[in-house]
Amino acid sequence: MGIRERVARLVGEMPRDAQFPSQGATLFVDLERRETITAYTPLGVTRTLLGGRGANMYYLYRLLDESLSPLDPDIPMIFGSGLLTGLVPSAARGNVTSWSPESGVLLDCNAGDYFPSFLRMNGFDHVVLYGKAPAWTMIMIREGVVTFEDGAPYAGMDNIDMRDAIARDTGGTWARNLAMVNITRAGENGVLTSGVMAGPKAIYARGGPGAKMGALGLKAIVTIAQTKEFPTAQPYKPYNRVIAQKLLATSVVKNALSVHGTPFLYKPSRLLGAMGTKNNQETTWTEALDAGHIDQYRPGMEGCFRCPVNCRPLNDLHKATPDRYDKGDGPEYVTLGKFGPNLGIDRIESVIRLNNICNDLGLDTASAGSALAWAFELYQRGIITTADTGGLELVWGDAATIERLLFMMAAREGFGAVLADSTRAVERGHYPPEAMKYRIAVKGLGQSDPHDARILKAFALGLAVATRGMDHLRNRATLEINARINDNPAFKEELYGGAVSAEPTSYVNKERAVRACENIFAVGDSVGMCRFTTKLFNSPSLPGLEEFRNQLANVTGLQFTEAELDQCGLNVMGVERLINHRLGVRRKDDTLPDRWFDEPNPAGPYKGERIDRGEFDAMLSRFYEISRLTSEGVPQESWRKELAGALGA
Amino acid sequence: MSVTVNFPASLSHLAGQSVVVRESVSNVGQLIQALERLAPGMAKELDDPLYNIAINEEILLHSVDSRPVNDGDVVEIIPSIAGG
């Protein structure tokens, strides 16, 4: 059965009208035939998986043909905004979901800025894309009306030029009535580390969504609409004030995120001896990259739609004659780590410039940084040589060569074509099999967070079981390193729904922390809340299930208990695991890089610490048990039947 | 006795400053009380999971209040937040 038959069957089961106040339609777009269909996510799906990321999983589960390959145009690419996106402070997020050409497993990533909110302003909660456009195409959604535009004039443009051109050509104004998701040359060229840009820096980053969108022949989706009020079940703005007050009263927001942004974790990580350095061969690095050193280059902060936090730091290197990469947005903590210590760079100015280049080239700094660090270690070990790199010497800390390699990666030029194949470089014959020993990746996805998790066992488990691969944003129990919480066992037990060891290096009950985080983060994604301002990621006092259920009742009229919402979070993970199972993922894939099992941590107060295979395996079994998963990591039979019923499968 | 304490810019008390505590203190709990006397409200602000404490660049992840503090130590208040 082809994608059109799958879509027709699915649409035939879907309602034609909104099922609750504020619900937007799902727009199915056949790019090859330039046809669209609209329908609404069934209520049973919303009650099981909510919206945003959760409902995206419903669409992927129903439309996926795993006999194809990820870049086949019959494999859909799905954008989805959360149930509260655009309405609630700090809920400005949406997800994009598909089958990852980079990892080979689930592709699912989240971004904010303005597109997810403005998509809803145009009346759409989800956009399901399939078929390959015969020529570069741009989808224009203007006041809810969808048209197909010629994308050829924008082909070859990277992010800075593309944003300038679209603002000029549409007459719209960014952040007022204009928003866009777009690919760059990297996406056009099928670069597996390429993302879909959602703003000057905001990016649907992980798993190669830029390459996927490029394979559909789609350069951009542009929305133009005035911001408008949604019809809601009952007034919701009074409770918005409660949420905003809760956000701004929390010290992590008031004192840190809104003033400095996110690079704070660099210092604790390096002091712990947990800062991934030179492809995690080392674990500590220079104080020259501590967050305070960025202050002099930060002229201000910006934020997402209707978010009171403004956590996005701008940068300006104060060059007398600046070029286009001496000013920009960022860096975030991930980029600081992946383009600082993990590449042996010790100058903050170099990190900022490389960050700005990645923003323009549309590269995921986590995957691009991982691909580079892997190549540099292989070169250091003599596994690859200048004969493989086209004469380039890969020397740790050589920012000029790294800058050049980023452009080569985006263009798939010379050794850049190898880097563009990211974690698949061995499979595609670029590197010998022994290179796999030095690949820091899980399920084919390079690590996102630069934190070396040989010390922190909840963090390690989270990276192993994350459904999209090695990524901290799915379930990181960040509070594992907060001493005040570790020293208050009763409070910690309340947070995680059971006792969790206070010892960072202990394996005891760490599965509970990961389970709790995975559930609430999945709910947060599905309602559109930012991770930074969701309970348990950075603080125990930020909005969580209670606030989500209260505002869902106000906005949608749908009543959930906190336990039911928690179950929705578990359900999202369950469907993601069902999808991954169809893609061949098994228990053996819920693991960690060999280096973390085999090589002791080389520095810091936890020198010698590593992951014990036996202890890890037992922790994984306990995680499966409390997650209602079989020994192979898929939902148990009874739960699988419940999910299948909700999915209509 | 003298213990140097460095404060991050993100604190509202003694932001970005470095102070020397000359009271006799034997552990972190007592040090925080001494800081409270220097800057009222400081103890409450530090009783927050955002902030960790490092002694001579060793970050403390648990059992903080009972950790010994010695003459000449350098103590640092470190915000710990993760990002994307």
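The values are calculated or read from the model by the stated rules, or taken from the named source; none is laboratory data. From a predicted model like this one, the values you see are computed outputs, not experimental measurements. Heads up, the Cβs are rebuilt from the backbone with ideal geometry, glycines too, and the neighbour counts pull from every protein chain shown. For the accessible areas, the whole protein counts, side chains as well, though only heavy atoms, and no ligand, DNA or RNA atoms are used. Shrake-Rupley method; radii C 1.70, N 1.55, O 1.52, S 1.80 Å.
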Item checked: Relative contact order of region A:33-98, pairs being alpha-carbon contacts under 8 Å that are 6 or more residues apart, as % -> 32
Note to self: Net charge around A:A411, counting only other residues with Cβ within less than 14 Å of its Cβ (Lys, Arg = +1; Asp, Glu = -1)?
What the structure shows: -3
Item checked: Approximate spin-label separation A:E546-A:T286, in nm, with each point projected 7 Å along Cα-to-Cβ -> 4.7
Notebook entry, point to check: Are there any helices in chain A, counted as whole DSSP H runs, that stretch 30 Å or more along their axis by Cα and score at least -1.0 on average by Kyte-Doolittle, and if so which?
Noted result: A:562-582
Notebook entry, point to check: If eta is 0.890 mPa s and T is 25 °C, what Stokes-Einstein diffusion coefficient results for region A:236-329, Kirkwood Rh from Cα pairs, in µm²/s?
Noted result: 158
Next item on the list: Quantify, in whole percent, the carbon and sulfur part of the accessible surface of the protein assembly as shown (1.4 Å probe; protein heavy atoms only).
Entry: 48
Margin query: Probe of 1.4 angstrom, ligands and nucleic acids ignored: what's the accessible area per residue over region A:70-150, in square angstrom?
Written below: 19
Next item on the list: List the extent of the Cα atoms of chain B along each of their three principal axes, largest first, rounded to whole Å.
Entry: 42, 24, 18
Next item on the list: With runs of 4+ DSSP H residues as the only contributors, calculate the mean residue ellipticity of chain A at 222 nm using -39,500 (n - 2.57) per run, divided by the residue total and rounded to the nearest 500.
Entry: -11000 deg cm²/dmol
Margin query: Could you tell me how far the Cα centroid of region A:193-244 sits from the Cα centroid of region A:410-475, in Å?
Written below: 26
Item checked: Value in Å of the Kirkwood radius, where region A:535-649 supplies the Cα pairs that are averaged -> 17.2
Check: Computed on protein heavy atoms with a 1.4 Å probe, what is the summed buried accessible area for the chain pair B and A, in Å² to the nearest 100?
Finding: 2800
Check: Where q = 0.14, 0.17, 0.26, 0.30 Å⁻¹, what log10 of I(q)/I(0) comes from the Debye formula for region A:165-210, counting one point per Cα?
Finding: -0.37, -0.51, -0.87, -1.00
Checklist line | Karplus-derived HN-Hα couplings along region A:135-145 (A = 6.51, B = -1.76, C = 1.60, θ = phi - 60°), whole Hz, x at Gly and Pro | finding: 8, 3, 10, 10, 8, 10, 10, 10, 6, x, 9
Next item on the list: Calculate the dipole size of chain A relative to its Cα centre from +1 charges on Lys and Arg beta carbons and -1 charges on Asp and Glu beta carbons; express the result in debye to the nearest 20.
Entry: 900
Notebook entry, point to check: Can you flag which of A:K267/A:K457; A:K278/A:K443; A:K219/A:K443 are past 26 Å Cα-Cα?
Noted result: A:K219/A:K443
Notebook entry, point to check: Relative contact order, percent, of chain A when contacts are C-alpha pairs under 8 Å separated by at least 6 residues?
Noted result: 15
Next item on the list: Grab the other residues whose beta carbon is less than 12 angstrom from that of A:S67, score K and R as +1, D and E as -1, and report the net.
Entry: -3
Check: A:E282's amide H: which non-local residues (gap 5+, or another chain) put their own amide H closer than 5 Å, with H modeled 1.01 Å from N in plane and none for Pro or chain starts?
Finding: A:T277
Notebook entry, point to check: Of A:K201/A:K319; A:K254/B:K44; A:K338/A:K607, which pairs sit farther than 19 Å apart, going by alpha carbon to alpha carbon?
Noted result: A:K201/A:K319; A:K338/A:K607
Item checked: Charge dipole (region A:1-102, unit charges on Cβ, about Cα centre) - positive-most of A:Y61, A:G94, A:P73 -> A:G94
Margin query: With 14 Å as the cut-off, how large is the P(r) tail for region A:63-133, expressed as percent of Cα-Cα pairs?
Written below: 59
Notebook entry, point to check: Along each of its three principal axes, how wide is the spread of alpha-carbon positions in region A:23-107, in whole angstrom units, largest first?
Noted result: 39, 30, 23
Notebook entry, point to check: Within region A:1-101, which GluC sites (Glu not before Pro) sit in a loop by DSSP and count at most 15 neighbouring Cβ atoms inside 10 Å?
Noted result: A:E66
Notebook entry, point to check: What are the extents of the Cα atoms of region A:467-516 along their three principal axes, listed from largest to smallest and rounded to whole Å?
Noted result: 32, 18, 16
Notebook entry, point to check: Where does the protein assembly as shown land on the Kirkwood hydrodynamic radius, alpha-carbon pairs, in angstrom?
Noted result: 25.6
Check: How many Å² of accessible area per residue for chain B, probe 1.4 Å?
Finding: 41
Margin query: Two decimals, Cα atoms only, Kirkwood Rh: what is Rg/Rh over region A:197-260?
Written below: 1.13
Item checked: region A:154-191 versus region A:254-295: alpha-carbon centroid distance in Å -> 32
Item checked: Nearest-ten-degree value, helix B:28-38 long axis tilted from longest Cα axis of chain B -> 90
Next item on the list: Would you kindly give the portion of the calculated P(r) for region A:592-644 that falls above 19 Å, as a percent of all Cα pairs?
Entry: 47
Notebook entry, point to check: Using every alpha carbon pair in region A:363-404, what percent of pairs falls into each 5 Å bin from 0 up to the bin containing the largest distance?
Noted result: 6, 23, 33, 26, 10, 2
Notebook entry, point to check: Rounded to whole Å and sorted largest first, what semi-axes of the equivalent ellipsoid does the C-alpha gyration tensor of region A:315-460 yield via the square root of 5 times each eigenvalue?
Noted result: 24, 19, 13
Item checked: Relative contact order (%) - criterion: Cα under 8 Å, at least six apart; region: chain B -> 38
